[in-house]
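Here's the structure we're looking at; comments come further down.
The values are calculated or read from the model by the stated rules, or taken from the named source; none is laboratory data. Keep in mind it's a predicted model, so treat the numbers as computed, not measured. When we count neighbours, we look across all protein chains shown, and the Cβ atoms used for this are built from the backbone with ideal geometry, even at glycine.
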Amino acid sequence: MSTDFEIRLDRFASATLADQIRTNIRGAILDGRLAPGTRLPSWRDLATQLGVAKGTVRVAYERLTDESLIVAAGPAGTRVSSHHPDQPLALSVQPSLPLRGMLAYHSSPPHPFQMGVPAQDEFPALVWSRLRARAARAEIRGLTPTPIHGASLLCGSKLQATWQ
């Protein structure tokens with residue numbers, strides 16, 4: 001990064017460190033302090049400079065990539081995108097409730113003909129319950145005690161009396 005660009009982190013702020021890093025880099029790109037094609041430091045280098053975990057910088061870079069502000073080029077490094085959206089993107093999910101959208105999506109009923117979802121209204125529940133009850137009764141009948149050969153020799157007449 002250029003010498004006039006500095007990332008400032010407030011460890012006591014309500015925003016996460018990844019959001020602060022993303023906001024700083026995003027602001028520098030949109031203000032023109034980071035020119036298109038400028039190479040950004042690697043996750044590890046920036047994490048070391050800022051004293052944060054590598055994953056924190058990775059999350060910030062991934063969000064910037066999602067906004068098309070930076071482009072990851074593998075071993076060639078990460079660079080500022082040569083063309084980025086004119087309007088800044090607003091966050092659709094509030095950091096305080098990150099699961100709100102996901103919860104609403106997964107709590108909705110399945111759509112008709114959705115892959116992997118069985119038609120529960122067509123399931124023969126009555127037939128299934130009768131077959132399962134019949135199988136349970138057969139299983140119980142198979143577990144009834146039968147006389148063991150030689151049991152009277154092992155335990156005496158007391159065990160023999162219980163089998164009769």
Of the residues that sit in segment 43-61 and are surrounded by fewer than 16 Cβ atoms within 10 Å (Cβ to Cβ) and not basic (Lys, Arg), which one is farthest from ILE7 (Cα to Cα)?
GLY55
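Mind listing whichever residues of segment 8-23 are of a type outside the set (Phe, Trp, Tyr) and part of a loop (DSSP other than H, G, I, E, B)?
Hits for segment 8-23 are ARG8, LEU9, ASP10, ARG11, ALA13, SER14, ALA15, THR16.
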Is it the case, given these coordinates, that THR56 is among the polar types (S, T, N, Q) and touching a Leu at 6+ places or on another chain (Cβ under 7 Å)?
yes
Does segment 71-86 include one or more residues that are charged (D, E, K, R) and modelled with pLDDT of 80 or more?
yes
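Can you pull out the residues in segment 5-23 that are under 21 Å from THR65 (Cα atoms) and of a type in the set (Phe, Trp, Tyr)?
PHE5
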Of those in segment 24-69 that are polar (S, T, N, Q) and assigned to a helix (DSSP H, G or I), the residue nearest to the chain's Cα centre (by Cα) is THR56
Evaluate the following for GLY116: is it surrounded by 12 or more Cβ atoms within 10 Å (Cβ to Cβ), out of contact with any Pro (no Cβ under 8 Å at 6 or more places or on another chain) and at pLDDT below 80?
no
